[in-house]
Amino acid sequence: MKETEILIVGKNPDIMPVILRLLNKKPNWNGYTAFSADEAIEKSRDIPFDVVLLGAGLTDTEAGQVRAHFTVPIVQHYGGGSGLLYAEVYQALNIQP
């Protein structure tokens, strides 16, 4: 099965590791974090992401930079439990869990 590369871009240093751990818990999912639009764009040079999650703390300008750069599905991540996180990724990838 194909590996799914998922980037979460956000500013909250306490929440980002939790999201990363949850993403990496799923088989064939590889989670990555970026704490700025510039870092996200830099990481995309080496990793072909399948979906990008926009987390808390980004400015409108940063969110716009991410949206302008990536051609993959981009989802606003609102928090909540792992079920919501997984549902956001499944919906972005248009697959059934």
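The table below lists the values:
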{"item": "Filtered residue count, region 45-82, keeping only those that are surrounded by fewer than 16 Cβ atoms within 10 Å (Cβ to Cβ) and in contact (Cβ under 8 Å) with a residue 60 or more places away in the chain", "result": "2"}
{"item": "Unmet requirement for residue 95, which otherwise passes all of (1) in a helix (DSSP H, G or I); (2) open to solvent by 60 Å² or more (accessible area, probe 1.4 Å); (3) under 22 Å from residue 26 (Cα atoms)", "result": "(1)"}
{"item": "Qualifying residue in region 29-44 (condition: touching a residue at least 12 places away in the same chain (Cβ under 8 Å), open to solvent by 30 Å² or more (accessible area, probe 1.4 Å), charged (D, E, K, R) and assigned to a loop (DSSP other than H, G, I, E, B))", "result": "no"}
{"item": "Among (1) in contact with a Pro (Cβ under 8 Å, 6 or more places away or on another chain); (2) in contact (Cβ under 8 Å) with a residue 60 or more places away in the chain - the single one residue 85 does not satisfy", "result": "(1)"}
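The values are calculated or read from the model by the stated rules, or taken from the named source; none is laboratory data. As the structure is a prediction and not an experimental result, all values here were calculated from the model. Positions of Cβ are backbone-derived with ideal geometry, glycine not excepted, and every protein chain shown enters the neighbour counts. Surface accessibility is based on the protein's heavy atoms, side chains included, excluding ligands, DNA and RNA. Shrake-Rupley method; radii C 1.70, N 1.55, O 1.52, S 1.80 Å.
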